[in-house]
Amino acid sequence: MGMTKRIFRTMSLLISLTVLVFSVLWGLAFFRQFGAQVKDGLKTLRVSIIDQAGNVTFDNMAELDMLGNHLDRPEVADAIRNGTGESERFSDTLGETTHYYAVRMASGDIVRLALETDSVFTILYGFVPLLLVCLLLASGVSFFLARRLTKRIVAPINNIDLDAPELGNYDELLPLVKRIETQKRELSAQLGEIESRAATISAITGNMKEGLLLLDTNGKVLLANESVHNILAQDIAVGNDMITVYRDADFLAQAKRCLSGEKTEMVLCLNNRYYSVYFSPVFEKAQIGGAVILFIDITERYAAEAQRKEFSANVSHELKTPLTTIAALSEMIADGTAKDKDIRPFADKIKSQSSRLINIIDDIIKLSEFDEGGIPKEHTRFNLYDLAETVIGSLDEKAKERHVTVDLRGESQQYMVGNMRMIDELLFNLVDNAIKYNYEGGRVDVALSGNEGEIKLAVEDTGVGIPKEHLSHIFERFYRVDKSRSKKTGGTGLGLSIVKHIAEFHGGRVEVESTVGEGTAITITFQQQE
């Protein structure tokens, strides 16, 4: 049986039972009330006998001498004419209706019966309690049956397994079940797509080097990737307020401006690293839906910018000194201020300062080439020992002037693959510095050794040495440990920086050991290449 038929049958049965119960209860109540009414009527039944002249000859409830002639009464007149008559009269005073019935007997006398009844409203009022009792009983039975039947009808629906539906006799649910199955498939597909997108987003944000924060309109965290945890050095839980994430007044002010619809950015220094922080509002149908905060590490760029500014300042200073000297001496010669005997010394100074200026410019050009990464390798295979001998020979005169002994040690067959011109310059700078910053009568040892695919070049002197606090800076451009001594020696402050760049260009590493007053040892390790 289908669900529609079952509901129809149940409702019909329920209505029929309700009507039946109500009818039975009402019939019983009515019969009881009617019986009581009949009994009361018999007790109050009035009997009168009236002769043909209209005089009352008998009345069981009234004195005869107080009763008048009754020929004018409608029921009596009808009984005289027709044999029977009846009528009713309502008493406004008593609020009751009296029914009269008259019969003419064979003798010609009239027998009249009179019965007083309550008004309709009085009768109905008397029935109200019984009516209410009947309604309550019928309603109680109906409620009980309706609840029981409803459970029986709904139970199979509530127990339907949507994964494997068995409808039984409820064929009417088939369209609904099919629609639910269709929606389940659609929801499952949409959920799968959402999970896939969430996994993709999680993978992307999780592997981002940049820190990412997503905020809702109230400034609460919707998403925080792993990088931002590391940047801010704390675990950021979803739902946290921004004020608990990073308590910086400027940062919070920028976030607030962003949530009001304004794009902003700032630079933050966190744990000795610099970050450019971008604040971008997110709009949903012209309404602010949240904010995206992106942390980008600019430490290297920041350091490079600072280095560039420092380099520019140093270049300006280094170039200004010889140029000022050259300009002053040239002006004195040009305007005749210089005496004849001073012209030659002035010319020597101009030449010396010009050479220094050219050396500075050459070194700057070399470093610029390294920075731009445009230097071709032009590698060849050459004997490093022979190259070291040549460099030491070119500095022999300078070493003799300072009474410094330069000694070359190692195997005479130390071949390497590299840019021979650059390695020549590297050797020259190292040996030149070792002589320049040495004591009178000191010595410089140049040692070459090779093993397990490596070639080591060590230059050790017995000079003034480098304090520990300066060791990490000696390869910086224009850095000088002793500025007064550097002016006397005429160095540009770029030699060791060039050495480091050349070593790194050849895949080598540089190590420095130094003791103040005892000397310095610089070792460069190259990987042998075939």
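The values are calculated or read from the model by the stated rules, or taken from the named source; none is laboratory data. Only a predicted model underlies this, so the values are computations on that prediction, with no experimental measurement involved. Reconstructed Cβ throughout: ideal geometry from the backbone, glycine too, with neighbour counts over all protein chains shown.
The residues of the range 437-455 that are outside any strand (DSSP E or B) and at pLDDT 85 or above, listed by number, are Tyr437, Asn438, Tyr439, Glu440, Gly441, Gly442. Out of Ala434, Ala458, one residue alone is under 18 Å from Val499 (Cβ atoms), at pLDDT 90 or above, assigned to a helix (DSSP H, G or I) and among the hydrophobic types (A, V, I, L, M, F, W, C). It is Ala434.
Return yes when Pro376 is exposed (fewer than 14 other Cβ atoms within 10 Å of the Cβ), in a helix (DSSP H, G or I) and at pLDDT below 85 and no when it is not.
So Pro376 does not fit the description; no.
Among the residues here, Gly85 does not qualify as in the same structural domain as Leu115 (by TED's automatic domain parsing), in a loop (DSSP other than H, G, I, E, B) and in contact with a helix residue (DSSP H, G or I) (Cβ under 8 Å, 6 or more places away or on another chain).
The set of residues in the range 218-231 being in contact with a helix residue (DSSP H, G or I) (Cβ under 7 Å, 6 or more places away or on another chain) and farther than 13 Å from Ile293 by Cα consists of Glu226 alone.
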